[in-house]
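Working notes for the structure below.
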Amino acid sequence: MASQFFGLNIGRSGLMAFQAAINTTANNISNVQTKGYSRQTTVIESTDPLRAYAKYGSMGSGVAVTAIVQERSLYYDTKYWQNNSNSGYYNQRLYYMDQVQGILRDDESSQKGFNSIFSEMFAALDSLTTHAEEAEYRNQFIQKAQSLCTYFNQLSISLTEMQEDCNEEIKTTVETINSISQKIAVLNNQINDIETRGGHANELRDKRANLLDQLSGIVEVETREYDIHNSFGEDLGGTNFLVYINGQQLVDGKEFRSLECVPSRYTNNQSDIEGLYSIVWTDTGMDFPATGGVSNGSLKALFDVRDGNNKDNMKGFVGGVGQTTINFDGIDRNVSTIKLDFPTVTDVNALALPSRGQITINNKHYNYEGFTADVDADGKISGVTFNLTYEMSAQEQAGIQGKEITCGRTVDAMGIPYYQNQTNEFLRAFARAFNEIEQKGLTLDGNPMGSFFNGKSPGGTIYDGSDWDAKVAGGYPFSFSSMDDTYYGVTAQSICVNSESIRDPKYFATASELVNGVAKYDIMGELKTLEKEVRMFRGTFAESFLETLISDVTVDVNKIETCYNNYANMVKAVDLQRTSVSGVDEDEEGVNLIKFQNAYNLASKVISVMNELYNKLINETGVV
């Protein structure tokens, strides 16, 4: 049964409840500009009634604050993370592809571009038709040709440096993921410490949500949260919070996993830099699916830019397994060879296999050191034999017969390797056509002319195509290895003018014969057709090479920009919906402040009234 002071206690409960509501409202107003803050609400419930031995049976005992909770929608959070991953992916790709477009753009305001250099080279070539024996005109043409080579050398360097930047940013991004995962695990532990004691860790939950927002821009994010029960099924008050990225678990409660970047000595494409990072889980060593089917975010974009070959990497089927001996790390070893039949890349000029790379069969990676390509009677690649780094068992050999082979990685994006490979393909076609015409002529000294355009590796090895020429002279079909002196060694990085021509301008052929010691120009007409009359790159003429690549990158950038804008708008729209649930509305909080103030005043009035009643009862009742 309630005491005589029961009403005073009810008034007190109202004061305390509405004081808490006012404090919560004040906290909301104070954090109206705080990024990621979720609006908090005071949950007020009536307390259990007391039984009264009267006809009405029970009496209300007042009010109590049961919780201060945050207003947040998991549905909108999930939608935000999904769209933010897409936005992060296209934003990162757009950043780098804008740079690729800038590198390829023929902006001659600061320096001459491909079109000017290429046309000037052929203009200098044309002047030789009337001044074939004059050293001044020969030097002028040779310098223009070297300027063309320098242009492609610098183009390759710029793309290579960009690939290095992507590679380093991948490492930095992985470190960011590791840092976020550790912070989330720490927050999970702190949240459980508070909530198992009956509290609500609203601010800590906001911090965790902010970290998940940041993480969702890097990778695809999913979360799960469930209550913790003891062995008797009793709710312990805490929760277990799990985070998944790209479909794999990153955080489990207070435990977290780390990722690690592992540099590889093997590359995916011929012009790739060494030491490309792959990502593995530190605890298991298993590959992390940075570019898998469920992956997304800026991390995937970095891999697409760094490794993107537009799915032009060679593929085929295992045609046989053999053995050979190679020198590997200074030691002669017996190793297995794998023959690839029915290659998807048959154009010799388009061959982009690295000399030291990786092939994949049955989802298993095999490293190789060198390869041999077979050329059929039509001059097309009919097969490739790879020298592995170890000797396969008989069981393993039997298990791969007839299986599909993938060389390097298949990446459905036009990234840096795509533009490197396209440039190499053009240069091989052009250099080979130019050299074949030149080799028909004689130098001013009357000696047979060799190759005018060569390749020079960073180690100083010269590729003038002599092995290739000898094999072609011997007739088709034939084979050549990655170590042979062929046009495979001519790339944007390595192309140069023959050093003998630079030292002595006489070492350039303008005629197939000398008449009375004077050079004519009967082969000059053939050389001039290479500018505008011979189709040598994707059905276009040599002078249109850059326009073709610029068309590729422009269409790609426009597509990426459109996708980015669409997803960025979706992120804003979802965030607006999310804010409508969890954000602080100044007008609403102002109304709440007045509402709770009035309720507080009324509770105070209850206490004042009860005070008067008790005064009457205690001090005046029974007094005469």
- Query: When the helices in the chain are scored as -39500 (n - 2.57) per DSSP H run of 4 or longer and the sum is shared across all residues, what 222 nm value do you end up with, to the nearest 500 deg cm²/dmol?
  - Reply: -15500 deg cm²/dmol
- Note on the structure: Taking alpha-carbon centroids only, the range 572-602 lies from the range 451-513 a number of Å equal to 76 Å
- Ratio of the Cα radius of gyration of the range 138-199 to 2.2 N^0.38 Å, where N counts its residues: 2.54
- May I ask for log10 I(q)/I(0) of the range 333-464 at q = 0.12, 0.15, 0.17, 0.23 Å⁻¹, from a Debye sum over the Cα atoms as equal point scatterers with solvent left out? -0.63, -0.89, -1.06, -1.47
- From the C-alpha gyration tensor of the range 217-375, pull out the three semi-axes of the equivalent ellipsoid (sqrt of 5λ each), sorted largest to smallest, in whole Å. 43, 18, 15
- Task: Express the carbon and sulfur contribution to the solvent-accessible surface of the range 418-561 as a percent, rounded to the nearest whole number, probe 1.4 angstrom.
- Result: 48 percent
- Highest-first arrangement of 477-486, 593-602, where packing means the average Cβ count within 10 Å: 477-486, 593-602
- Task: Provide the packing ranking of 211-218, 362-369, i.e. peptides ordered by the mean count of other C-beta atoms within 10 Å per residue, highest first.
- Result: 211-218, 362-369
- On average, how much accessible surface per residue is there in the range 379-471, in Å², for a 1.4 Å probe, leaving out ligands, DNA and RNA? 37 Å²
- Relative contact order of the chain, pairs being alpha-carbon contacts under 8 Å that are 6 or more residues apart, as %: 18 percent
- At a probe radius of 1.4 Å, what is the per-residue accessible area of K207, in Å² to the nearest 10? 120 Å²
- Note on the structure: Regression test value, accessible area per residue of the range 137-285, probe 1.4 Å, units Å², expected 45 Å²
- Note on the structure: When all Cα-Cα pair distances of the range 16-130 are considered, the percent exceeding 20 Å is 74 percent
- Compute the acute angle (0 to 90°) between the alpha-carbon long axis of helix 74-104 and the principal axis of greatest extent of the alpha-carbon atoms of the chain; round to the nearest 10°. 30 degrees
- Task: Given the peptides 292-305, 579-592, arrange them by the average over their residues of other C-beta atoms within 10 Å, most packed first.
- Result: 292-305, 579-592
- Kindly provide the pair-distance distribution of the range 411-492 built from C-alpha pairs, with 10 Å bins from 0 and whole-percent values in order of increasing distance. 17, 41, 31, 9, 2, 0
- Task: Whenever you get a sec, compute what percent of the accessible area on the range 82-229 sits on carbon and sulfur atoms (1.4 Å probe).
- Result: 42 percent
- Query: Taking 1 over the mean of 1/r across every pair of different Cα atoms in the range 366-420, what Kirkwood radius in Å do you get?
  - Reply: 14.1 Å
- Item | Distant-in-sequence amide H partners of A67 (H built 1.01 Å from N, under 5 Å) | V43
- Quantify, in whole percent, the carbon and sulfur part of the accessible surface of the range 230-278 (1.4 Å probe; protein heavy atoms only). 47 percent
- Helix 202-216 sits at what angle to the longest principal axis of the chain, using alpha carbons and giving 0 to 90 degrees rounded to 10? 20 degrees
- Surrounding charge for M314, neighbours by C-beta under 12 angstrom, Lys/Arg +1, Asp/Glu -1, total -1
- Note on the structure: Averaged per residue, the 1.4 Å probe accessible area of the range 481-624, protein heavy atoms only, in Å², is roughly 57 Å²
- Item | Between helix 545-582 and the chain: long-axis angle, C-alpha atoms, 0 to 90°, nearest 10 | 0 degrees
- Task: For the chain, just run the numbers: alpha carbon Rg, then divide by 2.2 N^0.38 Å, N being how many residues it has.
- Result: 1.48
- At a probe radius of 1.4 Å, what is the per-residue accessible area of M286, in Å² to the nearest 10? 120 Å²
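The values are calculated or read from the model by the stated rules, or taken from the named source; none is laboratory data. Please read these numbers as outputs of a predicted model, since none were measured by experiment. Positions of Cβ are generated from backbone atoms using ideal geometry, with glycine treated the same way; all protein chains shown enter the neighbour counts. Keep in mind that these areas ignore ligands, DNA and RNA; they rest on the heavy atoms of the full protein, side chains included. Shrake-Rupley method; radii C 1.70, N 1.55, O 1.52, S 1.80 Å.
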